[in-house]
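One structure is given below, encoded as structure tokens.
The values are calculated or read from the model by the stated rules, or taken from the named source; none is laboratory data. Quick caveat: nothing in here was measured; it's all calculated off a predicted structure. For neighbour counting, all protein chains shown are included, and Cβ atoms are generated from backbone atoms with ideal geometry for every residue, glycine included.
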Amino acid sequence: MSSKKKITTRAEDYSKWYLDVIEVADLAENAAVKGCMVIKPYGYAIWENFQAVLDRMIKETGHQNAYFPLLIPKSFLSREASHVEGFAKECAVVTHYRLKAQDGGVVVDPEAKLTEELIIRPTSETIIYDTFSRWVSSWRDLPLLVNQWANIVRWEMRTRPFLRTTEFLWQEGHTAHATKEEADAEVSKMLEVYRVFAEEYLAIPVIKGLKSESEKFAGALYTTTIEAMMQDGKALQAGTSHNLGQHFAEVFEVKFADQDGQLKYCWTTSWGVSTRMMGALIMCHSDDKGLVLPPKIAPVKVVIVPIWKDEAKKAQMLEAAAKLAGEVSAGLAGVGPVSVGGGAGAAVTAGAAPGGLLGAVKVDTRDHLTVGEKFYEWEKKGVPLRIELGERELEAGQVVVVRRDDGSKQNLPLDQVAGQVSGLLEAIQTALFEKARNFREANMHEIEDYTAFKKQLEADVPGFIVSHWCGSAVCEEQIKEETKASTRCMPFDLEKTSGKCIKCGTETDRRIIFAKAY
RNA sequence: CGGGGUGUAGCGCAGUUGGUAGCGCGCGUCGUUCGGGACGACGAGGUCGUGGGUUCGAGUCCCGCCACUCCGACCA
């Protein structure tokens, strides 16, 4: 269980260690299946907290959850020309519906060939707008605001755990509106939801902006994005919100009779956040000891490690720890969602349950591990606060409280712990965000000279480069070829200044962020 | 699909000129331990990726096949 391997850290090689904590992908001796993901219970508890928070925010902005089919008729995908072009190369295709026994094994039954192949959804625009066409007939049916939690399959050539897996989990929102203005407002409203989610819950600072034409979603009018910087100075697109214009409405005939009696096509939007955000969370905060989780999203927020020498002392310590856990749980109200199995009451007993990992406050009662091993394990799992409770503490009427983010230790009187825990968790939450934001600010570069631009991208931590750009896809493509940096977004809050395109020198007031990206 | 690399216990690996399968970690039982990754004793665990060939004898040599993996082209 606990490996003594020194953890190597940071974004570029994080996958070497986090698998132990969150995920394994050793399902089979089959590359395709390995590209999918197995999420261990601890990692899934983090995902469930993601869902709990984001789902609540999505509903608070007026959306409802629904579910649509996994399998999409091939013909649907080809209706929107640029959409099919964007996704055709990475679709898993269902061609048969039956196997049959043969020579002691099974083979695909050639008799069971489908007349039309089915595509495993790489995204659900097509099947959802096909459905919308039957749901919308009047302006009174609009806006139609729907969200779906689902799994997605994209047959990528190269996979990377969490960042690019063959199968991934996400939420995808799809909305239909009467006017472009309403659709625009929806797009920016949801991008703001994502910003708040990333910054206030995951403590990941993000930059909101507009994608270039070549980086926008296949079939969209325009794409907005939140871009985050990882600890190695590379960019990660953490969430996107698209205005799909009337493209999909036209090909799937999502039409409505407006108040003026005219039959009009809807304006649609879509937006999504995936398990990739888990990768962002890991890479943004983790250190040499393992995960560092922001308190608001951590499945286990506080772990109490009782320390004893013999059976008699063990009973005494466990009792004291259980009592403390109860008090701390009560003091935790309002600090983010509580994970599965984790109501305050459940949390107190969770430690006693064999194998139980979860609960907002966890008491580590295991006695086949040394204290040191327990410390290392919870640090690796990123639990924000650790409370050490031993004979010494009990006699002195105090405990040792250790912060995961900076490793600092402090002694707290036993009767004050519960009252101070939520304040400490908030301090950790804030400190993580500040640290990440300071790092990003320190690695933002405004560069107007192409030689300096190329040199910066060769640095160990290349960071984000803000430069003027003429807007041409040709310059964009050449820069990518020469430096491997792609355009990330045109930040909405970036001041317009006049200057020359970093590549071709054309006068322009447009500036964009370039970065190496995951 | 192009260019490398690797297949031996759950994981990581060793295995010399061909001679009955080894190590570390992990796992199980018992005991001593326990304040930052403890120790001892005993134990369980293997069609050496696969098919053929050479040989008295193949993990080892020869040929074929398969799989995985890393680097490039694709992407949330």
Practice task
Check whether at least one residue in the stretch A:267-280 is assigned by TED's automatic domain parsing to the domain that holds A:Lys234 and away from RNA strand B (no atom under 16 Å from the Cβ), and report yes or no.
Solution key: yes
Practice task
Could you look through the stretch A:71-92, keep only residues that are over 17 Å from A:His247 (Cβ atoms) and within 16 Å of RNA strand B (Cβ to nearest atom), and pick out the one that is modelled with the lowest pLDDT?
Solution key: A:Lys89
Practice task
State whether one or more residues within the stretch A:217-240 are touching a strand residue (DSSP E or B) at 6+ places or on another chain (Cβ under 8 Å), farther than 12 Å from A:Thr268 by Cβ, crowded, with 21+ Cβ neighbours inside 10 Å and basic (Lys, Arg).
Solution key: no
Problem - Failed criterion for A:Ile128 (all others in (1) away from RNA strand B (no atom under 16 Å from the Cβ); (2) assigned to a strand (DSSP E or B); (3) within 18 Å of A:Ala218 (Cα to Cα) hold) - result: (2)
Practice task
Please enumerate the residues belonging to the stretch A:369-388 that are more than 7 Å from RNA strand B (Cβ to nearest atom), modelled with pLDDT under 95 and closer than 22 Å to A:Lys309 by Cα.
Solution key: A:Leu369, A:Lys374, A:Trp378
Exercise for the section: Within the stretch A:395-416, identify whether any single residue is surrounded by 12 or more Cβ atoms within 10 Å (Cβ to Cβ), among the charged types (D, E, K, R) and closer than 19 Å to A:Gly326 by Cβ, and answer yes or no. Expected result: no
Fill in the blank from the handout: Flagged in the stretch A:195-214 as within 29 Å of A:Cys470 (Cβ to Cβ), within 15 Å of RNA strand B (Cβ to nearest atom) and crowded, with 19+ Cβ neighbours inside 10 Å, in numbering order, are A:Val206, A:Ile207, A:Lys208, A:Gly209, A:Lys211, A:Ser212
Handout entry: All positions within the stretch A:498-518 that are away from RNA strand B (no atom under 16 Å from the Cβ) and closer than 16 Å to A:Glu481 by Cα
Key = A:Ile502, A:Lys503, A:Cys504
Problem - Which listed residue, of A:Ile513, A:Ile479, is within 22 Å of A:Tyr222 (Cβ to Cβ), of a type in the set (A, V, I, L, M) and assigned to a strand (DSSP E or B) - result: A:Ile513
Problem - Close pairs (6 angstrom Cβ cut-off, 6 or more residues apart or separate chains): of a type in the set (Phe, Trp, Tyr) in the stretch A:141-158, near RNA strand B (Cβ under 10 Å from one of its atoms) anywhere - result: A:Trp155/A:Glu90
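Taking the conditions exactly as written (more than 17 Å from A:Leu324 (Cα to Cα) and within 16 Å of RNA strand B (Cβ to nearest atom)), does A:Ser467 satisfy them or not?
Judged against the criteria, A:Ser467 is not a match.
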Practice task
State yes or no: is A:Leu169 more than 16 Å from RNA strand B (Cβ to nearest atom), among the aliphatic types (A, V, I, L, M), assigned to a strand (DSSP E or B) and surrounded by fewer than 21 Cβ atoms within 10 Å (Cβ to Cβ)?
Solution key: no
Practice task
Kindly indicate whether A:Val153 is near RNA strand B (Cβ under 9 Å from one of its atoms) and within 19 Å of the chain's Cα centre (by Cα).
Solution key: yes
Exercise for the section: Identify the single condition in (1) at pLDDT below 90; (2) within 30 Å of A:Pro299 (Cα to Cα); (3) buried (at least 17 other Cβ atoms within 10 Å of the Cβ); (4) within 15 Å of RNA strand B (Cβ to nearest atom) that A:Trp47 does not satisfy, given that it satisfies every other one. Expected result: (1)
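This table checks each residue for (1) near RNA strand B (Cβ under 9 Å from one of its atoms); (2) in contact with a helix residue (DSSP H, G or I) (Cβ under 6 Å, 6 or more places away or on another chain); (3) modelled with pLDDT under 90.
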{"position": "A:Cys284", "(1), (2), (3)": "no, yes, no"}
{"position": "A:Lys289", "(1), (2), (3)": "yes, yes, yes"}
{"position": "A:Ala298", "(1), (2), (3)": "no, no, no"}
{"position": "A:Ile304", "(1), (2), (3)": "no, yes, no"}
{"position": "A:Glu311", "(1), (2), (3)": "yes, no, yes"}
{"position": "A:Glu319", "(1), (2), (3)": "no, no, no"}
